[in-house]
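Read the structure below first, then the notes.
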Amino acid sequence: MTIYDLTMAELRTRLDSREISAVEVTNAYLDRITATGPDINTFITVCTDTAVAEAQAADQALAAGTAAPLTGLPIAVKDIFNATGIRTTCGSRILGNFISPYDATAIARIKEQRAVIIGKLNMDEFAMGSSNENSAFGPVRNPWNLTHVPGGSSGGSAACVSARQAAAALGTDTGGSIRQPASYCSVVGLKPTYGRVSRYGVVAYASSLDQVGPITRDVRDCALLLQAIAGYDPADSTSVNTPTPDYQASLTGDLQGLRIGMPQEYFIEGLDDDVRKALEQAAATYRDLGAEVIEVSLPHTAYAVACYYLIATAEASSNLARYDGVRYGLRADNAENLIDMYMQSRAAGFGAEVKRRIMLGTYALSSGYYDAYYLKAQKVRTLIRQDFLDAFEKVDTLLTPVAPTPAFALGEKVNDPLQMYLSDIYTIPANLAGTCAMSLPCGFSANGLPIGLQLIGKPFDEATLLHTAHAFEQATEWHQRKPEF
Amino acid sequence: MKITRAEVEHVSRLARLALSEAELDSLTGEMDAILDYVEQLKTLDTEGIVPTAHAVPMENAFRPDEIRPGFTPEQALANAPDVAESAFRVSRIIE
């Protein structure tokens, strides 16, 4: 038995029976990170000392019989979550030395269960990117093929779980940033419904779209981690006060009577043949499992990318106004006056993609263009959301590709922002609609790169997503494959 | 052209973001291409459609107005680039 090959559920059994200790588990992962972390550049910060101390505390809880579901499990988190006393860079030079004075709610909740925070993960700067090439700390590599991207913006989170450098990870998803890297790295990633998980303490990118979620080895672990972080938080005024169901209980494997819709607009020109075949095979698997699979329509799909890149950049330009070199973050020392200090600090602190989005968002909100761009996009967002509500009158969940192609090569799209944006076409609509969606492994391309399928669920119905995903996972073996790493 | 170099320069001042000559050149082309792409939204009739600011319909979230623990001055200042006594220090703005 290799400790780092075990799922969280498998580790739970062995920790509870005292077959292994939390300190042994943490040390196994720390060794693994030392041996393999630098090759894929997954971690920005490894919390070696605090992780061992947290593991010791977990062992005490295990000895005292007060262990919770996550006690002693090493979890790595995207470097967008504030965690007290640890650096939070958000992948940016501008926050290169920022030490968090408080815990994000998602962090506080896993700490309450005595999980071990093993480190902070690489990401596209301010969560803006689809390839993890926009990090100030260098690109992350795909564990399945080191010349390819892991996806983004939670690229470090997906690569870390795939390379078995943590038992699970937390990411964030604004336009696909959990699901797309999960599919590129052959792991499970879930973006909950907007409002299901608190955003308190998570560095903001586009506040009406951002959502926190788990990235794990399999669906059971996904349910376990979602259970821990979901729920109302008075500190986030957009978190929704609705009960969190028992997600483990939804993993029954029985799909009789389930209706699955395949949106015709998602199976169009530009969809890679291997991805299309994997999705057709997944549909066949679902039929074999007793589900009814029918075609549905989401007529405004083609407008989603344009809509997203106006709304997200507008919100980003507003959110990122706070990085001004006054209260925290990088300050340029060559400024002539206060305004120049703002301008020079931001010029020195932000990378190219962040600058591009701030500029686009500022333009879309500027005098004379607001109605034509931002307001128009918000109206189109209503149409896109309505598409989903209409489809969910007919089906329980949607089955779609996660991305048009498997992982692309490092450098392939860096010089063409629009092409990069278009790779998010299948993930963005769920963020605009505010509903839940997840990615799970469903095959490999001819050249050995992972392919994921996406399930999109009704708002606040993560239980059906997990149920539908779990049944597929039980019937296939894709999730058991590991990169030779 | 959807956007000119002069407009990009103006937006950079609105965004408080200094850009080099090379950045102004490349951003003009990139923003033009992106704005050209988003132009397709104009083909949709959105007459009478209510804009969505937020995907989950919500009322205002209120909390009791009561004193709660916050950061100490030391915590609040710990990440500041420049500090004087218990304040953030910036360059003089009034001559």
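Could you list all residues from the range B:32-76 that are within 7 Å of another protein chain (Cβ to nearest Cβ), assigned to a helix (DSSP H, G or I) and among the aliphatic types (A, V, I, L, M)? Selection gives B:33, B:34, B:38, B:41.
For the range A:88-107, give me each residue that is among the hydrophobic types (A, V, I, L, M, F, W, C) and either more than 29 Å from residue A:68 (Cα to Cα) or without any contact (Cβ under 8 Å) to a residue 60 or more places away in the chain (or both).
Here is the first cut: in the range A:88-107, the ones among the hydrophobic types (A, V, I, L, M, F, W, C) are A:90, A:94-95, A:98-99, A:104, A:106-107.
Matches in the range A:88-107: A:90, A:94, A:95, A:98, A:99.
Residues in the range A:429-451 that are touching a Gly at 6+ places or on another chain (Cβ under 9 Å), among the small types (Gly, Ala, Ser) and in a loop (DSSP other than H, G, I, E, B): A:434 only.
Scanning the range A:60-83 for residues that are in a loop (DSSP other than H, G, I, E, B) and of a type outside the set (S, T, N, Q) returns A:65, A:67, A:68, A:69, A:70, A:72, A:73, A:79, A:80, A:83.
Return yes when residue B:29 is more than 7 Å from every other protein chain (Cβ to nearest Cβ), without any contact (Cβ under 8 Å) to a residue 40 or more places away in the chain and either within 25 Å of residue A:425 (Cα to Cα) or crowded, with 17+ Cβ neighbours inside 10 Å (or both) and no when it is not. Yes, satisfied. For beta carbons closer than 6 Å, sequence separation of 6+ or different chains, a first residue in the range A:415-440 that is within 21 Å of residue A:351 (Cβ to Cβ) and a second that is outside any helix (DSSP H, G or I) and among the basic types (Lys, Arg), the qualifying pairs are A:419/A:413; A:420/A:413.
Elements of the type helices (runs of 4 or more DSSP H) sitting completely within the range A:310-428 and holding at least 3 residues that are more than 7 Å from chain B (Cβ to nearest Cβ) and within 25 Å of the chain's Cα centre (by Cα): these cover A:352-365, A:376-391, A:417-422.
Output the residues belonging to the range B:26-78 that are in contact with a Pro (Cβ under 9 Å, 6 or more places away or on another chain) and at pLDDT below 90.
Of the residues in the range B:26-78, the ones in contact with a Pro (Cβ under 9 Å, 6 or more places away or on another chain) are B:30, B:33-34, B:55-56, B:61, B:63, B:71, B:75-76, B:78.
Passing the criteria: B:55, B:56, B:61, B:63.
Please enumerate the residues belonging to the range B:1-18 that are surrounded by 13 or more Cβ atoms within 10 Å (Cβ to Cβ) and either more than 7 Å from chain A (Cβ to nearest Cβ) or of a type in the set (Val, Ile, Thr) (or both). Before you say what the answer is, go through the steps one by one.
Looking only at the range B:1-18, we keep the residues that are surrounded by 13 or more Cβ atoms within 10 Å (Cβ to Cβ), and these are B:2-3, B:5, B:7-18.
Within the range B:1-18, B:2, B:3, B:5, B:7, B:8, B:9, B:10, B:11, B:13 meet the criteria.
Just one residue in the set A:177, A:207 is over 8 Å from the mean Cα position of the chain (by Cα) and at pLDDT 95 or above; that residue is A:207.
Residue B:23 falls short on exactly one of the conditions (1) charged (D, E, K, R); (2) assigned to a helix (DSSP H, G or I); (3) more than 21 Å from the chain's Cα centre (by Cα), and that condition is (3).
Okay, residues lined up against (1) of a type in the set (Lys, Arg); (2) closer than 28 Å to residue A:481 by Cβ; (3) within 14 Å of another protein chain (Cβ to nearest Cβ):
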{"position": "A:173", "(1), (2), (3)": "no, yes, yes"}
{"position": "A:193", "(1), (2), (3)": "no, no, yes"}
{"position": "A:219", "(1), (2), (3)": "no, yes, no"}
{"position": "A:234", "(1), (2), (3)": "no, no, yes"}
{"position": "A:240", "(1), (2), (3)": "no, no, yes"}
{"position": "A:244", "(1), (2), (3)": "no, no, no"}
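The values are calculated or read from the model by the stated rules, or taken from the named source; none is laboratory data. As the structure is a prediction and not an experimental result, all values here were calculated from the model. Neighbour counts run over all protein chains shown; Cβ positions are idealised from the backbone, glycine included.
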